[in-house]
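Data block below; observations after.
The values are calculated or read from the model by the stated rules, or taken from the named source; none is laboratory data. Bear in mind that the values here come from a model prediction, so they are computed numbers and not experimental data. Here Cβ is always computed from backbone atoms with ideal geometry, including for glycine, and neighbour counts include all displayed protein chains. Surface accessibility is based on the protein's heavy atoms, side chains included, excluding ligands, DNA and RNA. Shrake-Rupley method; radii C 1.70, N 1.55, O 1.52, S 1.80 Å.
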Amino acid sequence: SRRCSCTTTDHAESAELMTAPEASEPAKIADVLVLVPSPGSGIVGWAELGTIERELAIYKHLHRQFGTMVVVSESDSDETRVAEEIAEHLGDEPIVLGNPERLERSAWLAALPERLVEAVADFDKIETAVVKTDQHLASEAALSVTETLRRRGVRTGLVARGGYLWSRFEAEIHGPDTRVAIEAADRERELCQAADVVVGSTQGMLDDIAWRYSVRRDRLRLIPNYVTDTSERIGPEGRLPRTLLAVGQLAERKRLDLIVRTAARINREWNDAVDVVFIGVGPEADRLAKLASQLDVSLTLRGAVSHAGVLEAMRSCTVFVQASSLEGHPKSVIEAMAAGCPVVVAASPGLGDVVRHGVNGLRLDPNVETFADAIGPLLADAAWRDAMGAAAMANTRSSLGLSRIAELETEAWRDAIEIGQQQSASPLPPVRWSAELLQADTTSAVDAWRNSLHGFAKRLDAGERARLLASLEPWVVSMMGEAARDAQGGLHPKHRLTGYHDFFAERLTADDRVLDLGCGVCALAATIAAETGAHVTGIDLDPAELATARKVLDRAGVSDRVTLIESDITATRAEGTFSAIVLSNVLEHLRDRPELLAKWREWYGCDRFLIRVPAYDRDWTVPWKDELGVDPRLDHTHEIEYRIEDVHAEVEAAGLELSELIVRWGEYWFVAQVPAAEEATQHDADRMRAFRQVRPSA
């Protein structure tokens, strides 16, 4: 029986990376480049996996075009060691902002901006910067750093680079409705919409970003992954016989078991001994080893290998195989093609953008029979392999060579700075919350929100803490109102619970001609028409509100007794005269209220107004907010919230008399009547002028 031989690592000697000659004085791109690798991997992960040389190749090519390079690393490794690791491949030692104190992630993100300012020498002299992600996973740190630089007056371009669509991969692995996929999409959207330039490795990825997140096409840049191999191609005679190579994470998505099963079928049907080599680490290692042993397949698991070692393996294998179910722009495949290796890939998203079937490789349906029927003959036909490998190398090196991709990167980074120059520092990014909260019960969710808010608020001094909490209250109340309305099927429960409809209906009769100004959804108008038999005319400027109003009236069976008009109540006069005008939570939204009351009285010939307005003295927190300098209004569209003296003053200034006043539910409900047998006089005009002189801001 052929046994599986497994080694954990391969310490191949690192070869010097060959790049295009650099100009003696390359044009400067920016004073600072801030590279934000993915959390959980980043520089330390690259080093452990042996890919650091490859990942840093583009920055080695361009590093002379930046004054300072800053690398944000969420690793808790020693920052000096990480900087030295980078310098070994880059030439210059960058500034590394890591997390050696092992702070909780939110605390580390909060401290990151100030650490950046402190770490960069002569920060006040910095004029331009580029902030770049290597994947969309790095969104939070990149957004935080960008905002910090802009608030400090630095012209900053944010480049949201992603080698693959993060949200799509999470949906593929975990399911589209999982909290992981939902959160990935939220963070990806936030980053892409905030970025000055969004870089994708394939056109399909950019198309997805454009329609998913409404990102303008002129902000999108197609920059594929690059290849680094510039060595001479090895022909078929110099390659290992019958060796299938795959490189990448040993994960279920990679479908490496398909390669093992393919080798078993070739061994059996072609009477050939195929060797399989996997380079990479991952959770599937043990399962693959057991499968190979069961199927009598020679499998070597080489673990993590340096980039130079990977290239050497690609130059010497017989066929490179990739069976993944989903890829972005697969680095291992294009590197294998650049090495002149014949490649066979699964016809799955991402791989189809790279391999042209029958020209520079084979693209096959992902099943054992199809793979074996293609790879078996390929192993036996050196000329066929040679032709495909030569075509793959020529095409890949010319279109994806490091120098060519560096040109595209440089152009994108300059564009980002130019676009970013027009951006002022935007509001702070939204507070992140876990999608697990969506599945939590109410008590647990409340505890989580309370603890989070308390944890933030207690870090502020007493005055700032008071202002924060006082400022939050009206927005919470507003959201409660919206939720209450939605839960009740569209009608706010205050209509039912406070009984204010009765105040209006009890003061009207069937003989009244009622004008409801700012009628909204006509819940009140429907009650008046149903309970009094009066005819009501409702006026509102919002067509959506009036559309809902028609449904409300139909359900109440009073559509024949309510007329609706879409109009501005302050500027346009409706036809007809009315005995009573209703203003329910409307007057406080308007300016020049006494003048409007007087105008409506003149326009419509009414003898009384039935009015409901919010009270300023509804609660102790209102004057307290005033003392704090916090907006005390229930609604930011309110022009006034009434004290009792305001009610009296405005009624009198309008030439009316207050005949009834009720204080209920933190509101004033009152009736203002036209004085008996009174005509408009010069005295009314004098009274209005006096009101304006005493209360110019009312």
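Evaluation of LEU291 against the conditions (1) closer than 22 Å to MET393 by Cα; (2) open to solvent by less than 50 Å² (accessible area, probe 1.4 Å) shows that the sole unmet condition is (1). Every listed requirement among (1) over 37 Å from the mean Cα position of the chain (by Cα); (2) open to solvent by 50 Å² or more (accessible area, probe 1.4 Å) is met by VAL260 save one, (2).
Take the residues in the range 99-142 that are of a type in the set (Gly, Ala, Ser) and out of contact with any strand residue (DSSP E or B) (no Cβ under 6 Å at 6 or more places or on another chain); name whichever of them is surrounded by the most Cβ atoms within 10 Å (Cβ to Cβ). Here the residue is SER139. When the test is whether a residue is more than 30 Å from GLY303 (Cβ to Cβ), in contact with a Lys or Arg (Cβ under 9 Å, 6 or more places away or on another chain), modelled with pLDDT under 90 and open to solvent by 10 Å² or more (accessible area, probe 1.4 Å), ARG239 does not pass it. Selection within the range 394-411: residues that are more than 20 Å from LYS60 (Cβ to Cβ) and either modelled with pLDDT of 90 or more or among the small types (Gly, Ala, Ser) (or both). The member of this set that is surrounded by the fewest Cβ atoms within 10 Å (Cβ to Cβ) is SER398.
PRO377 meets the conditions (1) crowded, with 16+ Cβ neighbours inside 10 Å; (2) closer than 25 Å to ARG239 by Cα in every case but one. The failed one is (1). Condition (residue is part of a loop (DSSP other than H, G, I, E, B), at pLDDT below 75 and farther than 28 Å from ALA313 by Cα) applied to the range 37-50: is it met by at least one residue? No, that holds for no residue.
Determine if the range 5-28 includes at least one residue that is at pLDDT 80 or above, surrounded by 17 or more Cβ atoms within 10 Å (Cβ to Cβ) and out of contact with any His (no Cβ under 8 Å at 6 or more places or on another chain). Within the range 5-28, not a single residue is at pLDDT 80 or above, surrounded by 17 or more Cβ atoms within 10 Å (Cβ to Cβ) and out of contact with any His (no Cβ under 8 Å at 6 or more places or on another chain). Among all residues of the range 198-205, there is none that is farther than 29 Å from GLU53 by Cβ and buried (at least 20 other Cβ atoms within 10 Å of the Cβ).
Is at least one residue of the range 66-80 surrounded by fewer than 22 Cβ atoms within 10 Å (Cβ to Cβ), assigned to a strand (DSSP E or B), more than 28 Å from the chain's Cα centre (by Cα) and at pLDDT 75 or above? Yes, the range 66-80 has at least one match.
The helices (runs of 4 or more DSSP H) found wholly in the range 591-664 and carrying at least 1 residues that are open to solvent by 10 Å² or more (accessible area, probe 1.4 Å) and touching a Gly at 6+ places or on another chain (Cβ under 9 Å) occupy 593-604, 621-628. Quick check on my filter: what residues within the range 431-448 are within 21 Å of LEU469 (Cα to Cα), surrounded by 13 or more Cβ atoms within 10 Å (Cβ to Cβ) and free of Cβ contacts under 8 Å to residues at least 40 places away in the same chain? Correct list: TRP433, ALA445, ALA448. Of all residues in the range 113-139, those that are at negative phi and aromatic (Phe, Trp, Tyr) have Cβ atoms under 9 Å from Cβ atoms of residues that are part of a loop (DSSP other than H, G, I, E, B) and open to solvent by 30 Å² or more (accessible area, probe 1.4 Å), 6 or more apart or on another chain, in PHE123/ARG152. Of all the criteria given as (1) in a helix (DSSP H, G or I); (2) buried (at least 18 other Cβ atoms within 10 Å of the Cβ), the one not satisfied by VAL96 is (1).
Taking the numbered list (1) more than 45 Å from the chain's Cα centre (by Cα); (2) open to solvent by 10 Å² or more (accessible area, probe 1.4 Å); (3) not basic (Lys, Arg) in turn, ILE266 passes all entries but (2).
Count of the range 163-189 residues, restricted to those that are open to solvent by 30 Å² or more (accessible area, probe 1.4 Å), of a type outside the set (A, V, I, L, M) and touching a helix residue (DSSP H, G or I) at 6+ places or on another chain (Cβ under 6 Å), is 5.
Condition check for ALA323 on (1) of a type in the set (A, V, I, L, M); (2) open to solvent by 10 Å² or more (accessible area, probe 1.4 Å); (3) under 21 Å from ARG261 (Cα atoms): one failure, at (2).
Consider VAL477 carefully, then state whether it is touching a Phe, Trp or Tyr at 6+ places or on another chain (Cβ under 8 Å), under 25 Å from PRO614 (Cα atoms) and aliphatic (A, V, I, L, M). No; evaluated as a whole, the condition is false for this residue. Scanning the range 549-580 for residues that are touching a residue at least 60 places away in the same chain (Cβ under 8 Å), in a loop (DSSP other than H, G, I, E, B) and either touching a His at 6+ places or on another chain (Cβ under 8 Å) or open to solvent by less than 20 Å² (accessible area, probe 1.4 Å) (or both) turns up PHE578, SER579. If you go through the range 294-310 and keep only what is β-branched (Val, Ile, Thr) and crowded, with 20+ Cβ neighbours inside 10 Å, you end up with VAL297, VAL305, VAL310. Summed over the range 315-363, residues that are of a type in the set (Val, Ile, Thr) and touching a residue at least 40 places away in the same chain (Cβ under 8 Å) total 5.
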